[in-house]
1. Could you work out the helix-only [θ] at 222 nm for the chain, with each DSSP H run of four or more residues adding -39,500 (n - 2.57) and the total divided by the number of residues, to the nearest 500 deg cm²/dmol?
2. Quantify, in whole percent, the carbon and sulfur part of the accessible surface of the chain (1.4 Å probe; protein heavy atoms only).
3. P(r) of region 100-193 in 10 Å steps, Cα pairs, percent per bin?
4. Beyond 19 Å between alpha-carbons counts as too far, so tell me which of Lys127/Lys357; Lys68/Lys127; Lys127/Lys322; Lys68/Lys357; Lys232/Lys357; Lys322/Lys357 fall in that bin.
5. Count charges around Ser128 for me, please; just the other residues with Cβ under 9 Å from its Cβ, Lys/Arg as +1, Asp/Glu as -1.
6. Which whole-number percent gives the relative contact order of region 192-291, counting Cα pairs below 8 Å spaced six or more residues apart?
7. Give the cross-link partners of Lys212 among the aspartates and glutamates, using a straight C-alpha distance below 18 Å as the criterion and excluding same-chain residues fewer than 8 apart.
8. Where the centre of each part is set by its Cα atoms, how far does region 86-139 sit from region 202-254, in angstrom?
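The values are calculated or read from the model by the stated rules, or taken from the named source; none is laboratory data. Just so we're clear, the structure is a prediction, and the values are computed from it rather than from any experiment. Cβ coordinates were reconstructed from backbone atoms using ideal geometry, including for glycine residues, and neighbour counts include every protein chain displayed. Accessible surface areas use protein heavy atoms only, side chains included; no ligands, DNA or RNA. Shrake-Rupley method; radii C 1.70, N 1.55, O 1.52, S 1.80 Å.
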Amino acid sequence: MSFGPDITEQLARARADLRMGVPVVLNGAQSVLVLAAETLNAQRLTDLLALGGSPVLTITARRAETLKARVYDNDLARLPLPDDATPAWVQSIANPADDLRSPMKGPFNCVRGGAVDAHRTALQLVKSARLLPAVLVLDLPDGRGFAAQHGLTALDLVAAMPILSLRSDLHPVVNARLPMEASDAGRLHIFRPEDGGEEHYAIEVGRPDRSKPVLARLHSACFTGDVMGSLKCDCGPQLRAALAQMGQEGHGVLLYLNQEGRGIGLANKMRAYSLQDQGFDTVEANHRLGFEDDERDFRLGSDILKSMGFSAVRLLTNNPRKVEMMQASGIDVAERVPLMVGENHYNRDYLATKAAKSGHLL
């Protein structure tokens with residue numbers, strides 16, 4: 001019988017649980033209980049501390065660098081949870097919002113030694129749930145029994161690790177004609193990932209010849225720029241200019257990928273904006289939150305293009321990383337087409353940072 005969820009479906013449940021503040025259990029050589037720092041409440045923290053043992057707050061190396069915490073585990077650090085820890089203390093470590101108001105959060109005696117696969121997987125899991133990358137982790141003597149007793153989602157660590165490291169397969173759901181301002185010969189394609197994540201879209205202008213390089217753009221969703229007309233970025237003008245150019249040429253494909261805020265989600269993007277108001281640039285803000293410069297995976301775009309029958313593109317972009325990832329994913333980039341629009345006095349520093357730190361050709 002195949003009614004029970006497989007590991008991909010269990011991971012989708014786990015993401016939903018963590019977003020609601022419900023713990024999950026990871027079972028491997030050592031079983032652990034995992035709680036997302038962002039959604040932790042007082043009662044669950046009290047219950048966690050009552051279990052005894054040595055719970056830790058696991059953060060990324062990027063966040064640890066901001067806190068001046070020693071990193072012994074390459075890409076993460078484990079901070080012992082004080083016996084008198086409160087949700088406010090956990091939040092102050094996970095969230096950099098008050099770093100400047102309360103800069104003295106240490107010193108921290110970070111844990112060293114022992115296996116960290118479960119901690120690393122837990123961080124990947126909360127990242128994929130678009131939560132702050134910080135988790136409370138406690139070793140359990142009987143993870144399966146504990147999960148069954150409390151009705152918690154339990155994941156097999158060995159099965160979960162490779163799934164979290166791979167991008168999910170995308171499947172076409174539907175496509176339909178969509179007349180647009182840029183072109184009345186438009187068609188919208190919807191693609192859905194197997195992992196229960198957000199859908200991605202392909203906007204096809206005209207009827208591009210599959211045997212020739214198609215004018216294409218990989219555009220990451222930007223609610224503030226695309227919808228609200230934000231002046232803090234150049235996303236909205238780039239979206240409209242790309243569609244307009246495709247309309248003028250009579251054909252093209254714009255891939256609209258739901259990877260808001262360089263892949264960290266809208267809530268974390270707004271946290272980054274708040275940090276930018278404190279004087280940090282866009283890269284520094286992401287690092288203080290515990291993320292890398294850019295968490296997006298542009299290979300999703302190559303997957304969609306291939307499924308639509310394209311093998312070569314003229315890529316509308318200022319980002320060499322997109323070109324590199326397309327080429328590495330089997331899509332030939334016959335030409336990089338610059339897209340120089342949208343600069344204003346609000347986003348000038350942002351664009352300068354993209355050029356200096358992210359290698360954009362501006």
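1. -11000 deg cm²/dmol
2. Answer for the chain is 52 percent, counting heavy atoms of protein chains only.
3. Values per bin, smallest distances first: 11, 25, 25, 18, 12, 8, 0.
4. Flagged as over cut-off: Lys127/Lys357; Lys68/Lys127; Lys127/Lys322; Lys68/Lys357.
5. Local net charge: +2.
6. Relative contact order of region 192-291: 31 percent.
7. Those aspartates and glutamates meeting the cut-off are Glu204, Glu249, Asp303, Asp332, Glu335.
8. Each part's Cα centre sits 38 Å from the other's.
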